[in-house]
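Single-structure report; data block below.
The values are calculated or read from the model by the stated rules, or taken from the named source; none is laboratory data. Owing to the predicted nature of the structure, the values given are computational and were not obtained by experimental measurement. Quick reminder, even Gly has a Cβ in these numbers, built from the backbone with ideal geometry, and neighbours come from all protein chains shown. With ligands, DNA and RNA removed, areas are computed over all heavy atoms of the protein, side chains included. Shrake-Rupley method; radii C 1.70, N 1.55, O 1.52, S 1.80 Å.
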Amino acid sequence: MTADPLVLLPELDRATDRVLRSAAALDDAAVAGPSLLPGWTRGHVLTHIARNADAYVNLLRWARTGERTPAYASAEARNADIEAGAARPSAAQLDDLRTAVARFASAAAELPAPAWAVSVEKSGGRKATAAKLVWDRLREVEVHHVDLDAGYTPADWPEAFSQHLLREVVNDLDSPDLVLRPDGLGHDLVIGSASAAPVVTGPAHAIAAWLAGRSPGKDLRVTPDGPLPTLPAWM
């Protein structure tokens, strides 16, 4: 998958349409029910996806105007906004999400070409160019769509997304020592040292989901035989 934001934007549009369809199928009881994230309802997840879109609107505004506009006013404000929106009924959740993603789409469409190269500061002080934000938003939508626990699973991720996410997580982790052998890739991916490391084999989406903490890895094979290694938390 390319990192070109203008190429990724249609992929993001398709991913957004998928999560909107899932959200539209949820009634009030389902929205209030548990998600796959500990302590969060589906309402928390939907609110987070919406507020995350607004956070990236702020960063795109920063790139366009040069005026420092943080993604969130603070970590505390971010958490408070999610809590405040989590208990809303399904219709309000869906309307908010539709409006937020439309704001992001407009902000991206209005960004002048030179502004994509501008560096901004994401949450936690991490710096990135505006161009990187489209991939970041796509990752948020796809991963949290799975967290919604509404029938969308890592097996539904597009293959290009799975491969890109897999490489990103591999680059972010430095332990435990692992050799990853995604089906059909043709070469191994290594975390830490390959010497005497277990080999984990399976579909790219299944390996990526396991590394990202979105799957217990039951579809994966380990050589030599044994349990999957314990992983550190990602993101």
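So the values come out like this:
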read-out	value
Matching residues in region 208-224 - criterion: being surrounded by fewer than 16 Cβ atoms within 10 Å (Cβ to Cβ) and touching a residue at least 24 places away in the same chain (Cβ under 8 Å)	223, 224
From 25, 3, 32, residue being in contact with a strand residue (DSSP E or B) (Cβ under 8 Å, 6 or more places away or on another chain) and of a type outside the set (Phe, Trp, Tyr)	32
Qualifying residue in region 3-20 (condition: open to solvent by less than 40 Å² (accessible area, probe 1.4 Å), over 26 Å from residue 108 (Cβ atoms) and modelled with pLDDT of 95 or more)	no
Residue among 200, 169 that is out of contact with any His (no Cβ under 8 Å at 6 or more places or on another chain), in a helix (DSSP H, G or I), hydrophobic (A, V, I, L, M, F, W, C) and open to solvent by less than 10 Å² (accessible area, probe 1.4 Å)	169
Wholly enclosed helices (runs of 4 or more DSSP H) of region 30-140 bearing at least 2 residues in contact (Cβ under 8 Å) with a residue 12 or more places away in the chain, open to solvent by less than 40 Å² (accessible area, probe 1.4 Å) and β-branched (Val, Ile, Thr)	42-65
Single condition residue 74 does not satisfy, out of (1) of a type in the set (Ser, Thr, Tyr); (2) more than 22 Å from residue 152 (Cα to Cα); (3) in contact with a helix residue (DSSP H, G or I) (Cβ under 6 Å, 6 or more places away or on another chain)	(3)
Residue selected from region 194-235 under the condition under 17 Å from residue 172 (Cβ atoms) and over 22 Å from the mean Cα position of the chain (by Cα), by the criterion modelled with the lowest pLDDT	229
